[in-house]
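Let me begin by presenting the structure, written as structure tokens, before commenting on it.
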């Protein structure tokens, strides 16, 4: 079982806070990796919040391939952060030679286009980069999106943090939102793409558990959208469904839960909106999930959500202080980073609940 | 010595021999009265014996003529092995035994093609028994509790629209339907298949429909039943229970005169309409009801005289699938105001995928289900050559159709139902579950239901006399004396009990793979011990 977590704050914070959130929960995971998606960035990225940021890990040749590709596609490099690693002996990390975080400006002819078109361009570029690097086995590209940074690595999270100097809190890497996970996937081969959180067009998601409808989901999602690729982990299904419901179908967020864990027919029949709920259930039967799960996701507009499977087979808890809300699989994580909070106000969402945290840190919870 | 001719029929030529113990027989005559096929008769045997009671031969002679029960040595009256004689005999004096070295199949063709009912006797192989539910939730995810957890065992029946085509509009942050979508009913994934009044005795049909009503109204299981070709009693058409019935229209269109006349008086809509194009037991052949079974009430329901009713192999006037969609689907949809799903049933065939693709791409989005019937489906009457030598196994066909839809991203839009041999070994839940994992939304059963009522026929040449009007169990006959053999209350109860257990057993399979709703297309839950089957179905081979 994984442990997952996220922090959303009014004040920019360093990634070490996410590590402090996760490390007390380590008994539940195997410390085999560290992955996080940071959104709403501060520090060295503050001036470039509206410019797409490319996150990748690669070889030297891979870096060259990416540079050539971006040049030939008229992306103009604006800023770059290449971490200087602390490569002290004894660290448990399977590091890649290069980690590149680079802001680009859109090609000139794209700059005045509506965001919807830019979103498609950014996805296409990321998919092409992924293909190039994958075919040549020279690296991994995790995200290419404004104000979003992704870091994934295999090894002990503490050592990974040491390697990237994340313990230093030097202020260069800050964000107001982080979704984090500390384990490589265990059910499938260990590949960097299989590590949560997953990212697609502003949607970030990590999941704790098992999706026993993986095969059905995958077979359906493959033909739904060109961005639904990889499927290295059964948790990617959650992200793609989230993206499909909100971004493609443009349904309100409350319908996401109705898609992944629809109400039993007996309950649907009692509801006023039964025609809609039945239509959703039948049209998207292949996106239903089964199995034990908790998910944490952040949306392009900055909101963060969490919910569980329909039998509540996996835990999750939401805690908050005045300026921060954090979500974690286990409460010990919250106790570490926000011991001062009012624990009586912690939320343990039930199997039919969705918790949404908006940008004012207002916590909404409702039943599907 | 009596002269014999090689062409004379003897017991040795017949498939079933009567074994008779005269010393136990009291000559009560029950067996003869019970045998509907005239396979046994009373007769006498001469028992002459010469014997000696002394040490030296002093021959004595006895002469006795005793009454006995004899097997009739004729193909027309051949014993079918039904065992009614054994059931009725108070002294266990008589029973049929299978005669492996018979010549009956060879010798039975004097009067033209052999006709019989039942299932194929040649292609009864069981692919499903080489498949195991092999992916068990244990450590990474927990199994569910089949008794305590809730399960949602329902299947769609009707045309399912892709999400982007749902007529949704956003109003005050909520989705609402801007207009009607095609009707979809969520039903129990076990459909009682189309056996007509005519093929079945009215009483047997009634027993099945009683079980359906009970399962719906007392047990909360929305089981649906197809009427079969030939219509239904007006009383049922005009009752509330019509909502459990799927009206069938087959190539003979029998019974539709009465259905159409009843429409203005229908209180509720039927559950659906099923256009029967073909049947797995005899693909390419129309329905067949032999004159012996066209009793008065059957004539009344169907509006026909007493004659053998051979439905044509095709719906007259349809010459292409596009037409079938336009003419039949549209008109039947229109007949019920587009409120009732209209599905289609075809015999499984090497061409099933093409048919399914055509239906999936139909611009009207009007086909509400594709029922595929495999070679192991039963029938009330067919030419034996069709039963044994035409058709297509269902398992890979369902899988092929499902995967064809997956390839196009259209899976789930036209629900797939598979039938033909479901529950052949007595366990329909296991069969249904495996079919569902391979891509079926549900299964349909027919033969199994009448077996629950008391039918003794099987796919090894046992009985299969459904076509003769002489059904020994009173199920497939219209002879009022024989019909009395069926206790319809007990029959209905047997079906109800079976379905309730089916439901529990389905949970018993869903729970260990961690699913609370039907695992349609979850082929990863299955493994096969047969490499060829594994490869064909795209599941894991294990040994």
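The values are calculated or read from the model by the stated rules, or taken from the named source; none is laboratory data. Fair warning: this is a prediction, and the values are worked out from it, not measured in the lab. Virtual Cβ from ideal backbone geometry, glycine too; neighbours counted across all protein chains shown.
Restricting attention to segment A:253-271, the residues that are more than 24 Å from the chain's Cα centre (by Cα) and either under 21 Å from residue A:308 (Cα atoms) or more than 10 Å from chain B (Cβ to nearest Cβ) (or both) total 8.
Using the structure shown, decide if residue B:56 is within 44 Å of the chain's Cα centre (by Cα) and assigned to a loop (DSSP other than H, G, I, E, B). Criteria not met by residue B:56.
Only a single criterion out of (1) at the interface with another protein chain (Cβ under 10 Å from one of its Cβ atoms); (2) in a strand (DSSP E or B) is not satisfied by residue B:527, namely (1). Every listed requirement among (1) surrounded by fewer than 20 Cβ atoms within 10 Å (Cβ to Cβ); (2) modelled with pLDDT of 95 or more; (3) in contact with a strand residue (DSSP E or B) (Cβ under 9 Å, 6 or more places away or on another chain) is met by residue B:520 save one, (1). Within segment B:132-159, the set of residues being assigned to a strand (DSSP E or B) and at the interface with another protein chain (Cβ under 7 Å from one of its Cβ atoms) comprises B:152, B:156. Does residue B:135 qualify as being assigned by TED's automatic domain parsing to the domain that holds residue B:447, in contact with a helix residue (DSSP H, G or I) (Cβ under 9 Å, 6 or more places away or on another chain) and at pLDDT 95 or above? Considered against the rule, which asks whether it is assigned by TED's automatic domain parsing to the domain that holds residue B:447, in contact with a helix residue (DSSP H, G or I) (Cβ under 9 Å, 6 or more places away or on another chain) and at pLDDT 95 or above, residue B:135 comes out as no.
Residues of segment A:288-305 being in a strand (DSSP E or B) and surrounded by fewer than 24 Cβ atoms within 10 Å (Cβ to Cβ), which ones? Result: A:305, single match. Would you be able to say whether some residue in segment B:145-154 is assigned by TED's automatic domain parsing to the domain that holds residue B:223, modelled with pLDDT of 95 or more and surrounded by 15 or more Cβ atoms within 10 Å (Cβ to Cβ)? Yes, that holds for at least one residue.
Restricting attention to segment B:176-209, and to residues there that are assigned to a strand (DSSP E or B), away from chain A (no Cβ under 14 Å) and touching a helix residue (DSSP H, G or I) at 6+ places or on another chain (Cβ under 8 Å), which single residue is nearest to residue B:431 (Cα to Cα)? Result: B:190. Every test in (1) within 30 Å of residue B:423 (Cα to Cα); (2) touching a helix residue (DSSP H, G or I) at 6+ places or on another chain (Cβ under 7 Å); (3) at pLDDT 95 or above; (4) in a loop (DSSP other than H, G, I, E, B) is passed by residue B:73 save one, and that test is (1).
Results for (1) loosely packed, with under 14 Cβ neighbours inside 10 Å; (2) under 24 Å from the mean Cα position of the chain (by Cα); (3) farther than 18 Å from residue A:156 by Cα, shown as yes or no for each residue.
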{"position": "A:80", "(1), (2), (3)": "yes, yes, yes"}
{"position": "A:91", "(1), (2), (3)": "no, no, no"}
{"position": "A:96", "(1), (2), (3)": "no, yes, no"}
{"position": "A:102", "(1), (2), (3)": "no, yes, yes"}
{"position": "A:106", "(1), (2), (3)": "no, yes, yes"}
{"position": "A:111", "(1), (2), (3)": "yes, no, yes"}
{"position": "A:121", "(1), (2), (3)": "no, yes, yes"}
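May I ask you to list the residues in segment A:288-314 that are within 13 Å of another protein chain (Cβ to nearest Cβ) and more than 15 Å from the chain's Cα centre (by Cα)? Those that are within 13 Å of another protein chain (Cβ to nearest Cβ) and more than 15 Å from the chain's Cα centre (by Cα): A:288, A:289, A:290, A:291, A:292, A:293, A:309, A:310, A:311, A:312, A:313, A:314. Note on segment B:285-323: residues that are under 20 Å from residue B:347 (Cβ atoms) and under 25 Å from the mean Cα position of the chain (by Cα) total 12. Any idea how many residues of segment B:396-410 are in contact with a strand residue (DSSP E or B) (Cβ under 7 Å, 6 or more places away or on another chain) and either more than 15 Å from residue B:520 (Cβ to Cβ) or not assigned by TED's automatic domain parsing to the domain that holds residue B:530 (or both)? Final tally of qualifying residues: 1.
Of A:209, A:266, A:171, all but one fail to be in contact (Cβ under 8 Å) with a residue 24 or more places away in the chain and surrounded by fewer than 22 Cβ atoms within 10 Å (Cβ to Cβ); the exception is A:171.
Across segment B:501-515, the qualifying residues are those that are out of contact with any strand residue (DSSP E or B) (no Cβ under 6 Å at 6 or more places or on another chain) and within 14 Å of another protein chain (Cβ to nearest Cβ), and the one among them that is nearest to residue B:203 (Cα to Cα) is B:507. Once segment B:160-175 is narrowed to residues that are in contact with a strand residue (DSSP E or B) (Cβ under 7 Å, 6 or more places away or on another chain) and facing another protein chain (nearest Cβ under 10 Å), the residue that is surrounded by the most Cβ atoms within 10 Å (Cβ to Cβ) is B:160. In this entry, residue A:212 passes the filter for residues that are out of contact with any helix residue (DSSP H, G or I) (no Cβ under 6 Å at 6 or more places or on another chain) and within 24 Å of residue B:410 (Cα to Cα). Please indicate, with yes or no, whether at least one residue in segment B:276-289 is outside any loop (DSSP other than H, G, I, E, B) and at pLDDT below 90. Yes; the residues of segment B:276-289 include at least one that is outside any loop (DSSP other than H, G, I, E, B) and at pLDDT below 90. For segment B:361-408, a residue qualifies if it is within 14 Å of chain A (Cβ to nearest Cβ) and free of Cβ contacts under 8 Å to residues at least 12 places away in the same chain, and exactly one does: B:407. Of all residues in segment A:69-86, those that are within 22 Å of residue A:118 (Cβ to Cβ) and not in a strand (DSSP E or B) total 7. Given the criterion touching a strand residue (DSSP E or B) at 6+ places or on another chain (Cβ under 7 Å) and away from every other protein chain (no Cβ under 14 Å), identify the matching residue among B:498, B:541. From the options B:498, B:541, the qualifying one is B:541. In the set A:250, A:218, A:222, only one residue is at positive phi, within 10 Å of chain B (Cβ to nearest Cβ), modelled with pLDDT of 95 or more and surrounded by fewer than 22 Cβ atoms within 10 Å (Cβ to Cβ); that residue is A:250.
Among residues of segment A:225-247 being touching a strand residue (DSSP E or B) at 6+ places or on another chain (Cβ under 8 Å) and not in a loop (DSSP other than H, G, I, E, B), the one that is surrounded by the fewest Cβ atoms within 10 Å (Cβ to Cβ) is A:247. Only residues that are farther than 16 Å from residue A:99 by Cβ and either in contact with a strand residue (DSSP E or B) (Cβ under 8 Å, 6 or more places away or on another chain) or free of Cβ contacts under 8 Å to residues at least 40 places away in the same chain (or both) were counted in segment A:131-159, giving 8. Residue-level analysis places residue B:43 among those that are touching a residue at least 24 places away in the same chain (Cβ under 8 Å), more than 32 Å from the chain's Cα centre (by Cα) and either surrounded by 13 or more Cβ atoms within 10 Å (Cβ to Cβ) or not assigned by TED's automatic domain parsing to the domain that holds residue B:483 (or both).
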